[in-house]
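Asker: One structure coming up, written as C-alpha cells, with questions to follow.
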Amino acid sequence: MRCKECDYPLWNLATRTCPECGTVFLPSQYSFIPNSVQYRCPHCPQVYYGNDAHGHLIPRSFACASCGNPVEMDQMVLLPAPGVAEAQTTVDTMPWLERQRIGPIRAWFSMIGYGLARPGVLGRSIPMESSVGAAWWYAILTSLIISIVCGAPMLLFVAAMTLATRAGSSAYSMVMFTVAHAVICAVLLVVWGLAAHGLLLISGPRPAGGLGATYRALCYSTGANVLTAVPCLGVYFGWIWWVISAVITLKNHQRVGGMRATIAVATFPLLFVLSIIGAYVYLIVWTIGMAGAAAAAGPGAPGAATSGPFGTVYSYRAGGRDDGSDKIVRVTRALRSFPAIHEGRMPTHGLELVDNATLTVPELIAPGSRSSIDTSIVGDASLSEFRFMPQSEARLVVQKATAALPQGVIAHRIADVVFTYHGVDLADTGSGLWVAILWPDPVFNPGPPTTNVFVGVTNGGRLSVPPETFADALQQQNALRTAAGLAPLPDPATVTTRAPAAAPPK
C-alpha cells in the first residue's frame, strides 16, 4: 500500500495522511489479495484479516473481539501478513489508471504488454467502477498511433516525393487517410461493443457489469492490435490477436464463461471480415462478367453494357482497347469545374488543367495514338517532364505556353486533345458547342483517324462522330458558332502544338 501521489509506503501508520507529501488516504481506497494483509485494532494488538474480493474486512465496522472498543476498517493499522512480501499483497493494477503516477508513456507501453501477453490479468485488474471515458481515450490514442506506424512507410515516401515534385496534396491525402483510419476503428469499436454486449445479455445470466464494462474490456485490449503495424502481413492478420485478447479480457472483467465470451466478442469481427471477402468475390465475378461482355461486343463495336454494383457500366472498344470516350468526358468535366475554383475564369491554356491537378497527363493521349507523353512538347518541356516539375517551374512553362498563343485564338492543341473552349460559355449547357476534340496529333499520326472521333460539348457529355461524317458534323458546329458570334473552327488535323488556330482579323 503506497501513496498514490508520491509512492511512499503507508504500512503501520495510525494517521491517515502520507508522511512524505501529506496526501490523505484510506485503506478502503486500495485493493488487496484476500488474507494477505493484517488489520490491527487501533486500541489493542488484535489482528484481523480481510477476505472479501478486495481483501477488505467483512463487516467493515464492529466491536473489537479483544478490547470491545468500536472499530472501523479505515481506522486500523495495516501490515502485510506474516511471511507475505509487500508485492504479494496487492492485486494487479491498471497501468493506464496509474499514468499520473508512473507517467503516460510508461503506462501506455505497460498496457500494450498487458494486451499482448496478459489479457487475463488485464481483465481482472480493470476496476468495475473505473471510467469508461478513460478506456475510450486509451483506445483512440492507441488506434491513432497504430495507424501512424502502419502508414509511416508510405508517408515517408510521399514526403520525399513532395520535396522533388508538386505532390503536396498527396501528402495531405495520406495524413487524412491516417486520421480516417483511426476514426473508422473507433466507429467499428462502437458497433462491436453494442453487438458484444447484446450477445452477452441474450446468451446467459446477466454479466457482472453493464455496457460500460464491455466497452472497458474491448478498449483496454486495443493494445493487442499493435501487431497490425507489422509490415506486409500485420494489416491482414494482426487484428486476430486483438480479438483473442478481447475475448480473454471480457471473460475476466465481466466474469462470464469462455465460450460465452468468445461468441460475444468474435461474432461481429467474423461477420465483418466475411462481408469484406464477399464484396471482393462479388467484384471479381462482376469484373470478369464485364470483361466477357466487352469481349463479346468485338473490336470496333460501340460498346457493351454490364450491370454492376455501382450501376450500368459501358465498356467502349476500338481495336480491342478503350476508344477514348472516357478521356474526352474527363477533359470536358475538368474544363467545366475549372471556373468554380478560379473565380469564374476559364483556363488561358489547357495546360492549366494539368497544373491544377484537375486533369492528368495520360488523359491527353488518345488510345492507339503514336503520340506519347515523352514526345508531346508544350512550351519548352515534354508532358513527361512537366508532370514531375516543381510548382514554380511548372508555372513558368504554363506562362510560356500561354504567351505563345496568338491573339484571337480559337483552338490549341496539347498532345491528342484540341481545346476549342475559347469564347464559349460553358454555363449555356444547351448550346451544343464543342469545347474539346480528341484527335490524334497529326505530327505523329498522319492521315485521318481510324476510329470514331470524340468531342466534348458544353453540357459535360460527349459526341461520337465517325471519321467519314466528321466534316459534316464540323460544318454544323460552325453554323452554331456563327450564330453564337464565334469564329468557325478549322479542321483539327491542321491544329498542332506549334500552330494553334486563331480567328481571322476583322
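Asker: Along Cα→Cβ, 7 Å out, is where each label goes; now give me the distance between the ones at SER275 and VAL149 in nm to one decimal.
Answerer: 2.8
Asker: P(r) tail for segment 1-137, what percent of Cα pairs lie past 18 Å?
Answerer: 60
Asker: On to the next question. Just how large is the dipole of segment 59-155 about the Cα centre, in debye to the nearest 20, putting +1 at every Lys and Arg Cβ and -1 at every Asp and Glu Cβ? All intermediate terms of the calculation are to be shown ahead of the outcome.
Answerer: Values: 6 positive and 6 negative charges, 59 e Å.
Using only the charged Cβ atoms, the result is roughly 280 debye.
Asker: Roughly speaking, what is the stretch gain from PHE237 to LEU211, that is 0.36 nm per residue apart minus the C-alpha to C-alpha distance, in nm to one decimal?
Answerer: Extra length available between PHE237 and LEU211 comes to 6.6 nm.
Asker: Farthest toward the dipole's positive end in the chain, which of SER431, HIS56, LEU218, given Cβ charges of +1 (Lys, Arg) and -1 (Asp, Glu) about the Cα centre?
Answerer: Going by the Cα projections, it comes out as HIS56.
Asker: Any idea how far the Cα center of segment 20-59 sits from the one of segment 406-432, in Å?
Answerer: A separation of 88 Å, based on Cα centres.
Asker: Placing one identical point scatterer on every Cα of segment 380-436 and ignoring solvent, what is log10 I(q)/I(0) from the Debye formula at q = 0.15, 0.21, 0.25, 0.27 Å⁻¹?
Answerer: Rounded to two decimals, the profile gives -0.58, -0.90, -1.04, -1.10.
Asker: On to the next question. To the nearest 0.05, what FRET efficiency results for ALA473 and THR450 with a Förster distance of 22 Å applied to their C-beta separation?
Answerer: 0.80
Asker: Something else now. Just want the answer: with Cβ charges of +1 for Lys and Arg and -1 for Asp and Glu, which residue in GLY113, SER125, LEU79 is farthest toward the dipole's positive end in the chain?
Answerer: LEU79
Asker: If you don't mind, another one. Could you pull out which residues in segment 479-502 have an amide N less than 15 Å from a spot 7 Å beyond the Cα of ALA404, following the Cα-Cβ vector?
Answerer: Inside the label zone: 495-501.
Asker: For segment 413-506, take every pair of Cα atoms, bin their distances at 5 Å starting from 0, and report each bin as a whole percent.
Answerer: Reading upward from the zero bin: 3, 13, 25, 27, 20, 9, 3, 0.
Asker: How much FRET efficiency would the formula 1/(1 + (r/R0)^6) give for ARG255 and ASN459, where r is the Cβ-Cβ distance and R0 is 51 Å, rounded to 0.05?
Answerer: 0.15
Asker: Let me ask another. About the Cα centre of the chain, what is the dipole size in debye to 20, counting +1 per Lys and Arg Cβ and -1 per Asp and Glu Cβ, all else neutral?
Answerer: 860
Asker: A further question follows. If the chain between ILE202 and ALA53 were fully stretched, how many nm would it gain, using 0.36 nm times the residue separation less the Cα-Cα distance?
Answerer: 50.9 nm
Asker: Obtain the nm distance between the two label points defined at THR348 and TYR8 by a simple spin-label model: each point lies 7 Å from its Cα along the Cα-to-C-beta direction.
Answerer: 7.7
Asker: I've got another one for you. Taking the alpha-carbon centroid of each part, what is the distance from segment 455-504 to segment 74-145 in angstrom?
Answerer: The distance from the Cα centre of segment 455-504 to that of segment 74-145 comes to 75 Å.
Asker: Oh, and also: Of (i) 18, 43, 33, 6, 0; (ii) 24, 60, 15, 0; (iii) 17, 31, 23, 17, 10, 2, 0, which one was derived for P(r) over Cα pairs in 20 Å bins from 0, in percent from the structure shown?
Answerer: Recomputing P(r) over Cα pairs in 20 Å bins from 0, in percent here picks out (iii).
Asker: I would also like to ask the following. Take the Cα atoms of segment 73-114, build their convex hull, and give its volume per residue in Å³.
Answerer: 103
Asker: Using 1/(1 + (r/R0)^6) with R0 = 25 angstrom and r between the beta carbons of ASN69 and THR23, what's the FRET efficiency to the nearest 0.05?
Answerer: For ASN69 and THR23, the calculated efficiency is 0.35.
Asker: Please report, as a whole percent, how much of the solvent-accessible surface of the chain comes from carbon and sulfur atoms (probe radius 1.4 Å).
Answerer: On the way: 16090 of 25350 Å².
C and S atoms contribute 63 percent here.
Asker: In Å², and per residue, what accessible area does the chain have when probed at 1.4 Å with the other protein chains present?
Answerer: For the chain, the solvent-accessible area averages 50 Å² per residue.
Asker: Hey, got the dipole for segment 1-110? About the Cα centre, +1 on K and R Cβ, -1 on D and E Cβ, debye to the nearest 20?
Answerer: 80
The values are calculated or read from the model by the stated rules, or taken from the named source; none is laboratory data. Everything numeric here is computed off the predicted structure, so don't read it as measured data. Note that we place each Cβ from the backbone using ideal geometry, even for glycine, and neighbour counts take in every protein chain shown. Keep in mind that these areas ignore ligands, DNA and RNA; they rest on the heavy atoms of the full protein, side chains included. Shrake-Rupley method; radii C 1.70, N 1.55, O 1.52, S 1.80 Å.
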